[in-house]
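Working notes, beginning with the structure itself.
Where a number appears in this text, it was derived from the coordinates with a stated rule and is not lab data. Source: prediction; values computed, not measured. So basically every Cβ, Gly included, is an ideal-geometry build from the backbone, and we count neighbours across all protein chains shown.
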Amino acid sequence: MLKGDGLKMRNLIISLFLGLSLNLFSSVVNALDVIAHSSVKDEVLTKSKLRRIFIMRQTKWADGTPIRVFVLEQRSELHQSFCKSSLGLFPYQLERQWNKLVYSGLGEAPTVVRDREAMLKRVASTPGSIGYIDDFTGADNIKVMMLEGGNSDD
């Protein structure tokens, strides 16, 4: 085998590995669902509206109902995936936004829950609430929010 052939083979293996990794990551990302209490009248959220809600800049739904945000712990893989894929932020960037609001006295941070079951329980029992979960299969008082790909809020 020639020197150039070994380099080509190495690049091919790296490309295949990266491609498989991205496919695996995208299947995890696709399994995420944004969930809300069934009392929430909104059905569809744009990415920018979802981002405003989770950085605690939008505090009320369109009908005036207060929004209660629930998130998993920062070190949770699901939280990290949600931040990156749904919000376009790294978890530390999101936490930095919350800290600014809290320390300036202009807002409050979301409620952190420890696991999937706690997320389901809190969203189901809190009118106006929103959260996220993997592979949602249904529960009383919870609905899945539809997400639009664009950033427009029309």
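Quick notes on this structure:
- Modelled FRET efficiency - R0 30 Å, Y103 with S125, Cβ distances, 0.05 increments: 0.55
- Counting only DSSP beta bridges whose two residues both lie in segment 26-154, roughly 55 percent are antiparallel.
- Number of Lys-Lys pairs in segment 32-148 with C-alpha atoms under 22 Å apart and a separation of 8 or more places or on different chains: 17.
- If you take all other residues with their beta carbon under 11 Å from the beta carbon of K143, and give Lys and Arg +1 and Asp and Glu -1, the sum is -3.
- Environment charge of F90, counting only residues whose C-beta is closer than 14 Å and scoring Lys/Arg +1, Asp/Glu -1: +2
- Inter-label distance, nm, simple model (7 Å from Cα along the C-beta direction), D134/S39: 3.1 nm
- Centre-to-centre, using Cα atoms only, segment 101-154 and segment 30-57 are separated by 7 Å.
- Built amide H within the under 5 Å cut-off of L72, gap 5+: V113
- Total formal charge among the other residues, if their Cβ is under 14 angstrom from that of G128, Lys/Arg +1 and Asp/Glu -1: +3
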